[in-house]
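Okay, structure first, notes after.
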Amino acid sequence: MMANLAALQHQMQSVILRRTATAQHGGSTTSYQVPRDDLLSQLRPPAHAQTDAMLDIYCNAYRSRLAEVLEADLANLSAYLGKALFEHAAAGYIEAHPSDRQNVRWFSRNMPDFLAATAPFSNWPQMAEVARIELALADAFDSANAETFSLAMLTSISPDDWATLMVVPHPSVRRIDALTNALDIWIAIDAGTEPPQAKRLNSPQHLIVWREATTPRIRVMSIDEATAFDAAQPASTFADVVAAMTSFEDQREAAKAAVGFLAGWAAAGMLACVDTEAANSHPKQETPA
Amino acid sequence: MESCNAPPPSASKPGFLGFGLGLRSQHYNDILTGNPAVDWFEIISENFMVPGGQPLQILDQICERYPVVMHGVSMSIASTAPLDFEYLKAVRTLAHRVRPKWISDHLCWTGVHGINLHDLLPIPYTYEALDHIAARVHKVQEVLGRPLTLENVSSYVAFAQQDMTEWEFLSELTRRTGCYLLFDVNNVYVSARNHGFDPIEFLNGIPREPVVQFHLAGHEDHGDYVIDTHDHDICDDVFNLYRAAVERFGAVSTMIERDDHIPPLADVVAELDRARDIAADVLEHFPTKWTPVRRRKCDKTKSYSADPIPSDRNVL
């Protein structure tokens, strides 16, 4: 007797995922493989090949397709880890994080956290950070559009309006605080050169990723600049940014530094335009499907 | 068996577009700086269902110059999981931008229980499945405001209990819902080899009216079975089946899908010319007003800066 459509799809997906099911027996729980034979018994023999082998086409394609996505999204991480170790990481990730989005574009997004939390990769924290950098650049590439707040716009602001000036990061901006020299490793790999020895840093390296025109960029920020920028996320006034810069004893010195930072951000295209009368109208990212 | 036979949202059947290609990132530069002899492009919808940036900029430039159709891989029309209306809205949003001649996806399911296997999984050709899918096609057509176009997929397994053949299922689905068909010639060939049916019987079992597009592609031949990989040139057998399809369906918009081991644009265009020649040869013997299009003139020659472009992710 053929199972109904829902049961059949559940069964076939379980076989492809090689999922185990759990059953309760009194007080104990038993795990067992979803019976592949049950599905096979509902399949018609193919023209020439074995039914089992034909079912395996789906099982193997599932893994190889997602592995290809990871390889494409994390090409520099793959080059850094080498073929065998990357395949090991990819296989573990695919089992741990089945895709839950309609668009495979976002399948790789949990890889940095997976590497940071899963042995043996967690023993080398630079791996997760290299992945984080690579995915941040990919995110910046196709993140939401917004009109950039240019340096010319900044210089046209009246001194009286500076305190209430809204500072809004462009939707493409991503901030990373790296605890290792992952950026140097990533740059070396990207250039096709030998990466430096991995090392933990004495203090975090503050990185900012954004999209300038159509090209993703990354650079290092000082602790003061990073503090100021973080105060601006998701949107704050210039006065709020200055107030967050507590390492400056003199607020005038903080304001002076903040003006410099702001000019640099505006020149690089890290800021988005916003209506100063609508404090909460900072640009929103579209929700990916 | 469901008797519902509601008409789709009003729309006239899309006309013949000529001979097109799947838009692939490796070819962006050549397309935008050159004048390839391609009449139209098919995009993988999901590759452009992103918030912004260069992919959408390039898409806009392509749409200025060529007719474009949208081809999705994630609608999962046959899934027993609830329809994903957020996904459908995203498709509709992209359609507002692209103004596609039609929107297609596959007659398959891609996952249940909140998981997407990113594959085109087969269905049993039963009345239960037909009722279920027909109801979902109606809902999708309501959201999109136009008839959906569905493609027959390649399959490697078939189910023991079936109430009808694949071609009978497709025919009945179009009759009930008014959806169009994307007749994938290579997929018919692949499934025929794997399951041992006659591809001509499949072809003759499909009504002419709903067919709006042909797909051509290459595959991997393992002797006892065939895998639909889209990474090879189109083989002679598939071109021969294409000839038979043109003989049956007449002038139908035709395109080549190439998803891996992607050759230079000129090579794919040359392969497309072979399809043009076959269609021209066949249609000389059939009453039609269509004249083969050899080259589409492009008036706009915008410059294009070749920034790094990530590979197309959504290909099946």
- Report, to the nearest whole %, how much of the accessible area of the stretch A:126-289 belongs to carbon and sulfur atoms, 1.4 Å probe, protein only. 52 percent
- Run the quick spin-label model on B:CYS63 and A:GLU95: label points 7 Å from Cα toward the beta carbon, then report their separation in nm to one decimal. 4.4 nm
- Message: Please identify the DSSP H helices in chain A that span no less than 30 Å along the helix axis (Cα) and have a mean Kyte-Doolittle hydropathy of -1.0 or more.
- Response: A:51-73
- Message: Using alpha carbons only, how many angstrom separate the centre of the stretch A:34-62 from the centre of the stretch A:222-240?
- Response: 57 Å
- Query: Taking R0 as 30 Å, what's the FRET efficiency between A:ASP56 and B:GLU128 from their Cβ-Cβ distance, rounded to 0.05?
  - Reply: 0.65
- Note on the structure: Full extension between B:ASP221 and B:HIS261 adds, at 0.36 nm per residue less the Cα distance, a length in nm of 12.8 nm
- Query: Over all residues in A:49-55, what is the mean tally of Cβ atoms on other chains that come within 10 Å of each residue's Cβ?
  - Reply: 4
- Task: For the stretch A:124-178 and the stretch B:137-158, compute the distance between their C-alpha centroids and round to whole Å.
- Result: 40 Å
- When the dipole is taken about the Cα centre of the stretch B:19-283, and only Lys, Arg (+1) and Asp, Glu (-1) are charged at their Cβ, what size is it in debye, to the nearest 20? 1160 debye
- Query: Hey, how many Å between the Cα centroid of the stretch B:236-271 and the Cα centroid of the stretch B:27-97?
  - Reply: 20 Å
- Report, as an integer, the average count of C-beta atoms from other chains found within 10 Å of each Cβ along B:51-59. 6
- Item | DSSP-defined antiparallel bridges as percent of all bridges, the protein assembly as shown, nearest 5 | 50 percent
- Query: How much FRET efficiency would the formula 1/(1 + (r/R0)^6) give for B:ALA270 and B:HIS96, where r is the Cβ-Cβ distance and R0 is 45 Å, rounded to 0.05?
  - Reply: 0.80
- Gyration tensor on Cα atoms of the stretch A:126-289, a ≥ b ≥ c root eigenvalues, a/c under 1.5 rounded, else prolate if a/b beats b/c, else oblate, says oblate
- Would you mind giving the total buried accessible surface between chains B and A, with a 1.4 Å probe and ligands, DNA and RNA left out, rounded to the nearest 100 Å²? 4900 Å²
- In the stretch B:19-283 the DSSP beta bridges are antiparallel at a rate, in percent to nearest 5, of 10 percent
- Message: Rolling a 1.4 Å sphere over the protein heavy atoms, what is the accessible area per residue of the stretch A:69-200, to the nearest Å²?
- Response: 43 Å²
- Query: Which FRET efficiency, nearest 0.05, do A:ALA243 and B:ASP30 yield, Cβ-Cβ r, R0 45 Å?
  - Reply: 0.25
- Query: Extension gain A:ILE187-A:ASP38, at 0.36 nm per residue separation less the Cα-Cα distance, in nm?
  - Reply: 48.5 nm
- If we count every other residue with Cβ under 11 angstrom of A:HIS48's Cβ, Lys/Arg +1 and Asp/Glu -1, where does the sum land? 0
- Packing-wise, with mean Cβ within 10 Å as the measure, how do A:107-117, B:147-157, B:217-227 rank, highest first? B:147-157, A:107-117, B:217-227
- Query: Who wins for biggest fluctuation among A:TYR58, A:TYR80, A:TYR93 in a Gaussian network model of chain A, springs between alpha carbons below 10 Å?
  - Reply: A:TYR58
- Note on the structure: Net charge (Lys, Arg +1; Asp, Glu -1) of residues whose beta-carbon lies under 12 Å from that of A:LEU115, A:LEU115 excluded, is -2
- Message: So with the 1.4 Å probe, I'd like the accessible area per residue for the stretch B:158-268, rounded to whole Å².
- Response: 33 Å²
- With a point put 7 Å past each Cα toward its Cβ, work out how far A:ALA213 is from A:ALA75 in nm, to one decimal. 2.0 nm
- Query: Pairs of lysine in the protein assembly as shown with Cα under 27 Å and at least 8 positions apart or on different chains: total?
  - Reply: 15
- With springs only between Cα atoms under 10 Å apart, run a GNM on chain B and tell me which of B:GLN161, B:GLN213, B:GLN141 wobbles the most. B:GLN161
- Task: Treat each spin label as a single point 7 Å out from the Cα along the C-beta direction, and report the B:ARG248 to A:LEU85 distance in nm.
- Result: 5.5 nm
- Rounded accessible area of A:ILE189 (nearest 10 Å², 1.4 Å probe): 30 Å²
- Message: Per-residue Cβ counts within 10 Å, from other chains only, averaged over A:140-151: what number is that?
- Response: 3
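The values are calculated or read from the model by the stated rules, or taken from the named source; none is laboratory data. Keep in mind that what you see is a predicted model, and the values were worked out from it rather than measured. Using ideal geometry, Cβ is built from the backbone for each residue, glycine included, and neighbour counts are taken over all protein chains shown. When the accessible area is computed, the model is the full protein with side chains, heavy atoms only, and any ligands, DNA or RNA have been set aside. Shrake-Rupley method; radii C 1.70, N 1.55, O 1.52, S 1.80 Å.
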